[in-house]
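One structure is given here, and the rest of the page talks about it.
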Amino acid sequence: MSVKVCKFGGTSMADGNVIKNVKKIIESDSARKFIVVSAPGKRYSGDVKVTDLLYACHEKIMSEGSANGSFSAVRARYENIVNELGLNFDINSVLDETEKAIERECDEDFTASRGEYLCARIMAEALGAKFIDAADVIFFKENGALDGTRSYKAVAEALSRVKLAVFPGFYGTGANGKVKTFSRGGSDISGAIVARAVGASLYENWTDVSGFLACDPRIVDSPKCIKTISYKELRELSYMGANVLHNESIFPVRKANIPVQIKNTFRPEDEGTSILPTSRYIPSGKTVTGIAGKKNFTVIFIEKSLMNSEIGFICKVLDVLAKEKVSIEHIPSGIDTMSLVIESAELDNFKLERILEGIKNAVEPDIIRVIENIALIATVGHGMSSSVGTSARLFNAIASAKINIKMIDQGSSELNIIVGVKNDDYEKCIRAIYGEFFG
Ligand code: ADP
Ligand code: ASP
Ligand code: MG
């Protein structure tokens, strides 16, 4: 029998009325057996997500020793949800216990995880389903990575012979036995883990847009929806900022070839986007599948004559960054030049100065220069390698918009071309590329 794992995001859990729709979606298909939920998100623009309220609560506990009223906004959200759903569930006792526990634990991850925990408790009640605490079945290793083997086994055991279950997303148990969260947006990963553990026929990811769009809908009005996309393309786009699906959520399902379907809770009849293993993916015929990007990178440009013939040059440069524990996003290079593209947030506390000094000492470059406030934009598609003139079209479109390209990196897979532009040109550049390939 086919089994679907369904993850519902924050907007799908935002209030009782939306949750009633979610309930209808689940009950309309008996294959929808295992449900993963996020914490309630924004109900309207300007509203605050429960997870953000909880992070603020933690700050208060750290500075004042107690939540001092900051938990009341969280309390109100859940009381409303239970009232709107008309549930006969004593949420106040659960909230009292939770407030005491977050003050006692005084731990950021634990506090943040309560958003999903409380939401899953209510959802289990609303559906008459079994609640399964993610802390009992999802485990991390000492180095912070997911302990897949242990987690898949524990989830599968917990779900054997269970007809309908609800899991909180976003957290599990760390190697020290304490609750540990994934990075923000991590409930998508929890859903993928459950899908892998039960060998689901489909992982449905329910959100507030009708699929993976060709670019960020906050930049281009109603961008085209991508009907099918490969795991590889999705990984590139989500890593580069298309955060509709957490970029790490692809790993558990990819190994088991489980397709993912992105669906809209508010328009369930819309087809959405199918994310398929590269082997099952039928190219759309389009040159470009999608465009995504991120702001705030720093580029360190290094020039030295005969750099290429100096054995170990790159290694010495990278060693300086490794010693500072800084990860590098891209390393575009020429014959006598190389650039290091680094997320600016990694370079706080005089790290940049130390890195520049370290590189000067290690390789004695002719020129070393720093370019700040750079945005990276990735244009992604399997079709790009087979169609002639794609880069010319891309660069022409950017030039016609009078945008200066600061850096170019074409991945060796030919699946993407990444350009670096000034932060201020970011939105304009995305619109220009979108216009060229989708307009
Ligand atoms: P959820 O709470 O359901 O996990 P998210 O807010 O994490 O939802 O992701 C959905 C949001 O991602 C959309 O509302 C949209 O604003 C944003 N987004 C950014 N890039 C894209 C894209 N390429 N396609 C679709 N949505 C995108
Ligand atoms: N609630 C968490 C967040 O806001 C996790 C998630 O929504 O996936 O990041
Ligand atoms: Mg999300």
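The values are calculated or read from the model by the stated rules, or taken from the named source; none is laboratory data. As the structure is a computational prediction, the values presented were derived from the model and not from experiment. Here Cβ is always computed from backbone atoms with ideal geometry, including for glycine, and neighbour counts include all displayed protein chains. Calculation scope for accessible area: heavy atoms of the full protein, side chains included, ligands and nucleic acids excluded. Shrake-Rupley method; radii C 1.70, N 1.55, O 1.52, S 1.80 Å.
Using the Cβ atoms and a cut-off under 15 Å, what net charge is assigned to the surroundings of PRO365, where Lys and Arg are +1 and Asp and Glu are -1?
-3
Suppose we look only past 27 Å in the calculated P(r) of segment 305-439. What percent of the Cα-Cα pairs does that tail hold?
So the portion of pairs separated by more than 27 Å is 30 percent.
Would you mind estimating how fast segment 30-117 diffuses translationally, via Stokes-Einstein at 20 °C and 1.002 mPa s with the Kirkwood radius over Cα pairs, in µm²/s? Let's see the in-between values first.
Details: Rh = 13.8 Å.
The Stokes-Einstein estimate is 155 µm²/s.
Can you give me the three principal axis dimensions of the chain from its C-alpha atoms, in Å, biggest first?
74, 52, 41
Compute the FRET efficiency between ASP96 and ALA256 as 1/(1 + (r/R0)^6), taking r as their Cβ-Cβ distance and R0 = 25 Å, and round to the nearest 0.05.
Here the calculated transfer efficiency is 0.05.
Counting only C-alpha contacts under 8 Å and six or more residues apart, can you give the relative contact order of segment 1-41 as a whole percent? Could the numbers behind the result be given before it?
Numbers: 57 pairs, mean separation 25.9, N = 41.
Over segment 1-41, the number comes to 63 percent.
Lys/Arg Cβ at +1, Asp/Glu Cβ at -1, dipole of the chain taken about the Cα centre: which of ALA129, MET1, PHE89 is farthest positive-ward?
MET1
For the chain, with every protein chain kept in place, what is the accessible area per residue (1.4 Å probe, Å²)?
Numbers: 19770 Å² over 439 residues.
Accessible surface, normalised per residue, equals 45 Å².
Can you tell me the length gained on complete extension of the stretch ARG354 to ASP136, counting 0.36 nm per residue apart and subtracting the Cα distance?
Between ARG354 and ASP136, full extension yields an extra 74.2 nm.
Please state the relative contact order of the chain as a whole percent: Cα pairs under 8 Å, 6+ residues apart?
Details: 894 pairs, mean separation 56.4, N = 439.
Reported as a whole number, the value is 13 percent.
Taking the Cα centre of segment 218-287 as origin and charging only Cβ (+1 Lys, Arg; -1 Asp, Glu), how large is the dipole, in debye to the nearest 20?
On the way: 11 positive and 7 negative charges, 39 e Å.
Its charge dipole is roughly 180 debye.
Among SER30, TYR152, SER339, whose Cα sits farthest toward the positive end of the charge dipole of the chain (+1 at Cβ of Lys/Arg, -1 at Cβ of Asp/Glu, about the Cα centre)?
Looking along the dipole axis, the top candidate is SER30.
I'm a student and want to see the number: the projected area of the Cα convex hull of segment 97-250, averaged over all directions, in nm².
10.8
State, to one decimal in nm², a quarter of the convex hull surface area for the C-alpha atoms of segment 83-158, i.e. the direction-averaged projected area.
One quarter of the hull surface, i.e. the mean projection, equals 6.3 nm².
Set the Förster radius R0 to 45 Å, insert the Cβ-Cβ distance between LEU306 and ASN83 as r into 1/(1 + (r/R0)^6), and round the FRET efficiency to 0.05.
Efficiency at R0 = 45 Å is approximately 0.05.
About the Cα centre, and with charges only on the beta carbon of Lys, Arg (+1) and Asp, Glu (-1), how big is the dipole of the chain? Nearest 20 debye, please.
Charge dipole of the chain: 1280 debye, to the nearest 20.
Could you list the trypsin sites (Lys or Arg not before Pro) in segment 287-351 that lie in coil according to DSSP, counting only those with at most 11 other Cβ atoms within 10 Å of their Cβ?
Values: sites: LYS294, LYS295, LYS304, LYS316, LYS323, LYS325, LYS351; in loops: LYS304, LYS325.
Counting only loop positions with at most 11 other Cβ atoms within 10 Å, the trypsin sites (Lys or Arg not before Pro) in segment 287-351 are LYS325.
Taking the Cα centre as origin and putting +1 on Lys and Arg beta-carbons and -1 on Asp and Glu beta-carbons, what dipole magnitude results for segment 369-439, to the nearest 20 debye?
Computed about the Cα centre, the dipole is about 180 debye.
What distance in nm separates the simple spin-label points at ASN373 and VAL388, each placed 7 Å from Cα in the Cβ direction?
4.2
Helix 187-198 versus the longest principal axis of the chain: what angle, 0 to 90°, nearest 10, using Cα atoms?
70
Rounded, prolate or oblate for segment 238-297? Axes are the square roots of the Cα gyration tensor eigenvalues, ordered a ≥ b ≥ c, and the cut-off for rounded is a/c under 1.5.
Details: a/c = 1.31, a/b = 1.19, b/c = 1.11.
Rounded.
Using the basic label-point model (7 angstrom from Cα toward the beta carbon), what is the ASN404 to ASP52 distance in nanometres?
It works out to 3.4 nm between the two label points.
Based only on the alpha carbon positions, what is the Kirkwood hydrodynamic radius of segment 269-363, in angstrom?
16.4
Expressed as an acute angle from 0 to 90° and rounded to the nearest 10, what is the orientation of the C-alpha long axis of helix 16-27 relative to the principal long axis of the chain?
Value to nearest ten degrees: 90.
Students often get this wrong: which residues of segment 379-405 have the backbone nitrogen under 15 Å from the point 7 angstrom along Cα-to-C-beta of PHE438?
Answer for this model: 379-382.
What accessible area, in Å² to the nearest ten, does a 1.4 Å probe give for TYR44?
Around 130 Å² of this residue is reachable by solvent.
Towards the positive end of the charge dipole of segment 139-280, with charges on Cβ (+1 Lys, Arg; -1 Asp, Glu), say which of VAL220, ALA197, ILE275 has the farthest Cα.
Checking the options against the dipole of segment 139-280, the answer is ALA197.
Roughly what % of DSSP beta bridges within segment 156-298 run antiparallel, to the nearest 5?
Antiparallel bridges make up about 45 percent of those DSSP assigns within segment 156-298.
Kindly express, to the nearest 10 degrees and within the range 0 to 90, the angle between helix 50-64's C-alpha long axis and the longest C-alpha principal axis of the chain.
It is inclined by approximately 90 degrees.
Could I have the simple spin-label model distance between GLU364 and SER160, label points 7 Å from Cα toward Cβ, reported in nm to one decimal?
6.7
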